[in-house]
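Engineer: What follows is a structure written as structure tokens; I'll ask about it next.
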Amino acid sequence: MKRSLTFGTLESRIYTIFTVMIFSAIFVMQLVAFRYTVDTVRTTTIDNNRVVLQQLVKQIDSYITGMEQISDAVSVDPEIQKFLGSDSPFEDEGLSPGIQRTINNYIQAREDISDILIMRMDRSTLTSHTDDRINPWTAIQDKDWFYRAVEEAGQTIVSSSYVQNIIWGRYSWVVSLSRGIKSLEDGALKGVLLVDLKFNRIRELCESLVIGQKGYNFILDDRGNYVFHPTQQLVYSDIRVEPLGPITELFQEGGTWYQEEDRYYMVESSDITDWHVVSVVYESDIITEWKSLQLIYTLIGLILFLIVGMATNKVSSGITKPVRRLQDIMQSVETGEFRLVGEIKATDEIRALAREYDIMVTRIRELMEANVREQEQKRKSDLKALQAQINPHFLYNTLDSIIWMGEMKQSEKVVQMTSALSKLFRISISKGRELIPIHQELEHVKSYLTIQEMRYQDKFLYDIHMDPDLLDLTILKITLQPLVENAIYHGIKEADHQGMITITGTLEENVVTLEVRDNGVGMDSGQLANLIAGLQSSPEERSRMNRQGLGVRNVHERIRLYFGGEYGLVCRSAPGEGTSITVRFPACSGEVLQ
Amino acid sequence: MKKWYILMLSLVAALVLFMVLAVFYDSTSREITPPEGTVEIILKSNVGPAMDFWSVVVQGIQDAAREFDVDYEISGPRFEKEINRQINIMDSVIQKKPSLIILAAADYVRLVDSVEQAEALGIPVITLDSGVKSDVPVSFVATDNLEAGIKAGEEMRRLMENHERKKVLIMSHIAETATAIDRERGVRMALGDENIIGTWFCDADEDISYRITTDLLQKHPDLGGIVGLNEMASLGVARAVNDAGRKGDILVVAFDNAVQELSFLEEGVIHATVVQRPYNMGYLSVKAAADYLKGGTVAPLMDTGSVLITKENMFERQYQELLFPVSGIKK
């Protein structure tokens, strides 16, 4: 847990570096993509807006064109020609109402026409409605539409938007189309035709085709005056200021759009009217979905980052997991347990590393085993040395006895004892072999018993009962003598009665069992426990124990060393009842185990 | 443990991304957050087309509300003289706890209590066209009526120079409304009290104005001119003068720009009219409300200005939209 949180581990280092790098990459990419998207959206919106704007201009144009067609038709109408040509037209009873009917037909066909008037050069005027009265307070000859129509005879004049006050009591916002009407006969200018269009229609067009919540359109004429502005009053009182300079530049020199603060201006010009329709779009309307766009980009970034993060994690743990396993196994060396790595899932390099490690560990294991064997050998040889040592007390006691018997001129006994001693040594040497036939071992113990019997002068008797099958089987040499020695010194010597040592041998299921039993003082439970503890102690502890039972322990240990832990000595004893020590070891002939 | 690592890093990354994008966005354009809540607008009169002035105010209100994303509700009494009714409306509007109230006070004094009550409840008030006798309103958007009155008075004085009878009377609309008080004061300042016969009130009713004028034309033979202080008063005066056949003989200076007034102006019955900018008034009051609600500073007094219109300049391009507002086609 702690390991992966510190920067020191391979995994966290790989992970952090990868993460930082990938994050930077995603970040830069997102930023670029976002910027690009914003630009694209803006450009697309502006392009779309231009299409809408062109649509608007086309509609205005077609509107004006429709009016022109009407004015064309009216100007060549024979009745009107007659009206204009006549000297006293209003006296001709049928003429005026006829023309008014014709004009009314046009007005009714096109609901966007507010009025059609025909004016003679003498200012007498024919209105479309009989009830309409010409405003007596206005000077027609000063009106733009009139004098320009007269000046440019024959041309259609399209006015800017204005309040028409020619009909008394009525003020209406119109755009006027006016033209001089020439006589079809002599081509002389006879009058002026005025077609007033309801400006509301253009207004509605401009206000319906807007972009977004706040966008608006306005119209400028060729001199930069407002034909229409949705908030004209703000413009005229300077509360809202449109950048007329750059806009004028835009339609004079061409260009797509002009940006001021958060507003985009686009201009589309109409050839028929010489008007310039300006469309205004607000930035906030262009990118309305900005918040969600931002959210989507962040989300994509987050998901990408999570996926890549997970992948990085997988990759880094793929590298470090086998390494960590290797590390764990290698740590087992510390505890003395040499575990092998074996086959692992990892890259080639790690696998090679594991293989080399396994080879190394195997070699170390072999070396250690060899070392252990050597140690055992050494201990065995130590024991040999030990057993080779003849208890010097025994030797000089025996020699004392011989001397004493010599002085007593008991030459027969001297010979008997000396030959027993000689046999004892010969067998105990036995050409350095460890294993000897059981009958030789019996010889050995008999020699010992002979010497002791003579020394202690009928203090004890001994009896040997041996399965005849046993005699040729092998035994670890000097197995019985220490047990007999123990029986004499710690059992019989202390007893008041004559002692009896019985040695029996049996063979059962390839296990040889020899028993040395005495009828001496026996051991109390404390002593017995001591002895048993001594048998089970390790060689290191043994050196710290007293010499009592040393011989017995040596026998036990040597048997276990040679034949394995399941063999060895078993002691039984009770105070006053003597002691019995049983030796168990596997039956075998010859020196196979050597 | 690794999950924790990833999660934390990812969250940090997302946060950084979001913040940077936000900063990035801010650098290209400022985001306009619309002010919260509803702005309650109480006008003096709610009659509609008959009172052109207020419908144009409403137009300005609508355009500004669209531009600044303001939610609004308009209410008001049917007629300007229904002062009690306006007080009732104001009180019920306060109960709705709007974010701001725009009030065109029908009475200079009697609305003070309501305005102060709104202030006590934390509702800011902006007065429009006619103020109240209180410091409470955060802004007052109106024509400088004193100046408008001076304009009217000075025009009358100019016209009087070639006129034999110099006496002038004032036809005011409502006695206690701020517009009437200021305009009258302005007229008196420009003409001098000695030239003024007196002030009459018509309760913003054209017929009353007509009757009073007809009566006064007979009573005061030395009368040379009449100043009408609002649309209704002016129309009554003009009609009375015209009907008495005294067009040109009695000089009339009017206020406002009803269609009939403009006809009278063309005809020569009315010689000049002082026109306010109701559209700008509506627009600027809502703009001030939006500014105030967004925490901006608002000028305590906004003069929307007035224009003197005569027969000569009435069809000039810059005044056409002012005099002949196109109403009823706005969305």
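Engineer: From the C-alpha coordinates alone, can you work out the Kirkwood hydrodynamic radius of the range A:389-586, in Å? Provide the component values of the computation, followed by the final result.
Structural biologist: Numbers: mean 1/r = 0.0572 Å⁻¹.
It is 17.5 Å.
Engineer: How large is the helix-only mean residue ellipticity at 222 nm for chain A, computed as the sum of -39500 (n - 2.57) over DSSP H runs with n ≥ 4, divided by its residue count, in deg cm²/dmol to the nearest 500? Spell out each step's value before the answer.
Structural biologist: Working: 18 runs with 305 residues, N = 594.
Estimated from H runs of four or more residues: -17000 deg cm²/dmol.
Engineer: Given labels modelled 7 Å from the Cα in the Cβ direction, how far is it in nm from A:Ile300 to A:Asp72?
Structural biologist: Output for this residue pair reads 5.4 nm.
Engineer: With θ set to phi - 60°, apply the Karplus curve 6.51 cos²θ - 1.76 cosθ + 1.60 along the range A:356-362 and write out the HN-Hα couplings as whole Hz, x wherever there is a Gly or Pro.
Structural biologist: Karplus values, whole Hz, x for Gly and Pro: 4, 4, 4, 4, 4, 4, 4.
Engineer: May I ask for the angle, rounded to the nearest 10°, between helix A:199-208 and the longest principal axis of chain A, with both axes built from Cα atoms and the value confined to 0 to 90°?
Structural biologist: So the inclination is approximately 10 degrees.
Engineer: Using a 10 Å cut-off around each Cβ, can you sort A:Cys206, A:Cys588 from fewest to most neighbouring Cβ atoms?
Structural biologist: Result, fewest neighbours first: A:Cys588, A:Cys206.
Engineer: Sort all Cα-Cα distances of the protein assembly as shown into consecutive 20 angstrom bins from zero, then give the percent of pairs in each bin up to the one containing the longest distance.
Structural biologist: Going out from 0 Å in 20 Å bins, the protein assembly as shown shows 11, 22, 17, 9, 7, 7, 10, 10, 6, 1, 0 percent.
Engineer: Please say if chain B is rounded, prolate or oblate, where rounded means a/c under 1.5 for a ≥ b ≥ c the square roots of the C-alpha gyration tensor eigenvalues, and otherwise the choice is prolate for a/b larger than b/c and oblate otherwise?
Structural biologist: Numbers: a/c = 3.08, a/b = 2.34, b/c = 1.32.
Prolate.
Engineer: Continuing with the same structure: Nearest 500 deg cm²/dmol is fine: what mean residue ellipticity at 222 nm does chain B get from its DSSP H runs of n ≥ 4 alone, each adding -39,500 (n - 2.57), divided by its residue count?
Structural biologist: Values: 11 runs with 155 residues, N = 331.
Estimated from H runs of four or more residues: -15000 deg cm²/dmol.
Engineer: In addition: May I ask you to list the GluC sites (Glu not before Pro) in the range A:255-350 that are in a DSSP loop and have at most 16 other Cβ atoms within 10 Å of their Cβ? Please report the intermediate quantities before stating the final value.
Structural biologist: On the way: sites: A:Glu260, A:Glu261, A:Glu268, A:Glu283, A:Glu289, A:Glu334, A:Glu337, A:Glu343, A:Glu349; in loops: A:Glu261, A:Glu289, A:Glu334, A:Glu337, A:Glu343.
Answer in residue order: A:Glu261, A:Glu289, A:Glu334, A:Glu337, A:Glu343.
Engineer: Would you pull out the residues with amide H under 5 Å of A:Tyr216's amide H, same chain only if 5 or more places away, H placed 1.01 Å from N?
Structural biologist: Those lying under 5 Å, H to H, from A:Tyr216 are A:Ile211, A:Val280.
Engineer: While we're here: Give me A:Leu340, B:Leu284, A:Leu304 sorted ascending by neighbouring Cβ count inside 10 Å, so fewest comes first.
Structural biologist: Details: A:Leu340 14, B:Leu284 27, A:Leu304 18.
Taking fewest neighbouring Cβ atoms as first place, the list is A:Leu340, A:Leu304, B:Leu284.
Engineer: Is the range B:145-275 best put as rounded, prolate or oblate by its Cα gyration tensor, with a ≥ b ≥ c the root eigenvalues, rounded for a/c under 1.5, and otherwise prolate when a/b is larger than b/c, oblate when not?
Structural biologist: Details: a/c = 1.23, a/b = 1.07, b/c = 1.15.
Since a/c stays below 1.5, the shape of the range B:145-275 is classed as rounded.
Engineer: Further question: Can you work out the Karplus-derived ³J(HN,Hα) for every residue in the range B:201-210? Use 6.51 cos²θ - 1.76 cosθ + 1.60 with θ = phi - 60°, whole Hz, and x for glycine or proline.
Structural biologist: The phi angles translate into 10, 10, 6, 6, 10, 4, 5, 4, 4, 4 Hz.
Engineer: A 30 angstrom limit on the alpha carbon distance is what I want to check against. Which of B:Lys133/B:Lys166; B:Lys96/B:Lys287; A:Lys58/B:Lys287 exceed it?
Structural biologist: Working: B:Lys133/B:Lys166 34 Å; B:Lys96/B:Lys287 22 Å; A:Lys58/B:Lys287 35 Å.
Too far apart for the 30 Å limit: B:Lys133/B:Lys166; A:Lys58/B:Lys287.
Engineer: Once each part is reduced to its C-alpha centroid, what is the distance from the range B:142-180 to the range A:242-279 in angstrom?
Structural biologist: For the range B:142-180 versus the range A:242-279, the Cα centre distance is 44 Å.
Engineer: A further question follows. For the range A:143-264: lysine pairs with Cα atoms under 26 Å, gap of 8 or more or different chains, count?
Structural biologist: Step by step, the pairs that qualify in the range A:143-264 add up to 5.
Engineer: A follow-up question, please. Round to the nearest 0.05 the FRET efficiency obtained for B:His163 and A:Arg123 when R0 = 25 Å and r is the Cβ-Cβ distance.
Structural biologist: Working: r = 33 Å, r/R0 = 1.30.
For R0 = 25 Å, the calculated efficiency reads 0.15.
Engineer: Additional query: Between A:Glu207 and A:Ile134, what is 0.36 nm times their sequence separation minus the Cα-Cα distance? Round to one decimal in nm.
Structural biologist: Working: separation 73, 0.36 × 73 = 26.28 nm, distance 3.24 nm.
Full extension of this stretch gives 23.0 nm more.
Engineer: Where is the GNM fluctuation largest for chain B (alpha-carbon springs, 10 angstrom cutoff): B:Lys44, B:Lys151, B:Lys294?
Structural biologist: Result: B:Lys294 has the largest fluctuation of those listed.
Engineer: At a Förster radius of 25 Å, what calculated FRET efficiency corresponds to the Cβ-Cβ distance of A:Val333 and A:Tyr562, to the nearest 0.05? Provide the component values of the computation, followed by the final result.
Structural biologist: Details: r = 33 Å, r/R0 = 1.31.
The formula returns an efficiency of 0.15 here.
Engineer: Straight-line reach only, C-alpha to C-alpha below 17 angstrom: list the lysines that A:Lys314 could link to, leaving out same-chain residues fewer than 8 apart.
Structural biologist: Cα-Cα hits under 17 Å: A:Lys345, B:Lys2, B:Lys3.
Engineer: Let me ask you something else. Assuming R0 = 25 Å, what is the FRET efficiency of A:Thr506 and A:Arg572, from their Cβ-Cβ distance, to the nearest 0.05?
Structural biologist: Details: r = 16 Å, r/R0 = 0.64.
With R0 = 25 Å, the Cβ-Cβ based efficiency is 0.95.
Engineer: Check the straight Cα-Cα distances from A:Lys380 and name the lysines below 18 Å, setting aside those fewer than 8 residues away within the same chain.
Structural biologist: Reachable lysines: A:Lys431, A:Lys477.
Engineer: Mind sorting A:Trp257, A:Trp145 by how few other Cβ atoms lie within 10 Å of their own Cβ, fewest first? Please report the intermediate quantities before stating the final value.
Structural biologist: Details: A:Trp257 17, A:Trp145 26.
By the 10 Å Cβ count, ascending, the order reads A:Trp257, A:Trp145.
Engineer: Want the number for A:Thr65 to A:Ala352: 0.36 nm per residue separation, take away the alpha-carbon distance, what's left? Before the final figure, lay out each step's value.
Structural biologist: Details: separation 287, 0.36 × 287 = 103.32 nm, distance 9.08 nm.
The span from A:Thr65 to A:Ala352 would gain 94.2 nm if fully extended.
Engineer: Right, something else. Where Rh denotes the Kirkwood radius from the mean inverse Cα pair distance, what is Rg over Rh for the range A:160-291? Can you show the working numbers first?
Structural biologist: Numbers: Rg = 18.4 Å, Rh = 17.0 Å.
Reported Rg/Rh, Kirkwood definition of Rh: 1.09.
Engineer: Of the candidates B:Ile174, B:Ile41, B:Ile208, which one comes out as most mobile in a Gaussian network treatment of chain B with C-alpha springs shorter than 10 Å?
Structural biologist: B:Ile208
Engineer: Could I ask something else about it? Please work out the Cα center distance from the range A:73-110 to the range A:433-461, rounded to the nearest Å.
Structural biologist: 172
Engineer: Additional query: Under Stokes-Einstein, with the Kirkwood radius over Cα pairs standing in for Rh, what whole-number D in µm²/s applies to the range A:332-382 at 20 °C and 1.002 mPa s?
Structural biologist: On the way: Rh = 12.7 Å.
Using the Kirkwood radius from Cα pairs, D works out to 168 µm²/s.
No lab work stands behind these numbers, since they all come straight from the coordinates. The shown structure was predicted, so the numbers you read here are calculated from the model rather than taken from an experiment. Ideal geometry is used to build each Cβ from the backbone, glycine not excepted, and the neighbour counts take in all protein chains shown.
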